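K.L.:
Once you've had a glance at the structure underneath, I'll fire off some questions.
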Amino acid sequence: MVKRAVGVVAIVALLISAGMTGAALAQEAVTQVTQMAEDAGNTVCPVCNAMIDENDKVTAEYEGKVYNLCCDGCKETFLEDPATYAALADAEVAALQASEAAEETALMEMEAEEADIE
Ligand SMILES: [Zn+2]
């Protein structure tokens, strides 16, 4: 959530610095905001359990969240049964957050509060 806010601010700053003269640039910024809006944040492919390679990942959207997948084949499988795989990805993220909670308790509480607002 913090990451999203920073990204939006950066895009707005970019548009201001560019004087908003390029329609293509503006369109690209809008696309980036849309893609960043609801990142599920999973680091493991929910279809095959492979670690997601940030440089080679594909994404699929389900119920307003963008899930990370390791390859196009897994994306196809994801889209055949998105509810199941989205739940697996959400569970992975929840488990990851739980494991980090001990060292990042304060940060996690802030993020939880932001999640509640949304
Ligand atoms: Zn996969």
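Readers should treat all values here as calculations from the given coordinates under stated rules, not as data from a laboratory. The structure presented is a predicted model; accordingly, all values stated were derived computationally and were not measured. All Cβ positions, glycine included, derive from the backbone under ideal geometry; neighbour counts span all protein chains shown.
K.L.:
Taking the Cα-to-Cβ direction at Ala94 and at Asp39 and moving 7 Å from each Cα, how far apart do the two end points lie in nm?
P.N.:
About 2.2 nm, to one decimal.
K.L.:
Once the dipole of segment 38-104 is set up with Lys and Arg at +1 and Asp and Glu at -1 on Cβ about the Cα centre, which of Ala87, Val66, Ala101 lies farthest towards its positive end?
P.N.:
It is Ala87, whose Cα lies furthest towards the positive end.
K.L.:
Express the relative contact order of segment 38-104 as a whole percentage, based on alpha carbon pairs under 8 Å and six or more residues apart in sequence.
P.N.:
Dividing the mean separation by the residue count of segment 38-104 yields 35 percent.
K.L.:
How far apart, in nm, are the 7 Å Cα→Cβ label points at Asp72 and Ala102?
P.N.:
4.3
K.L.:
Then there is this: For a quick protection proxy, order the peptides 57-65, 95-103 by their average other-Cβ count within 10 Å, most packed first.
P.N.:
57-65, 95-103
K.L.:
Another one. Under 20 Å from a point placed 7 Å out from the Cα of Met51 along the Cα-to-Cβ direction: which residues of segment 77-118 have their backbone N that close?
P.N.:
89-101
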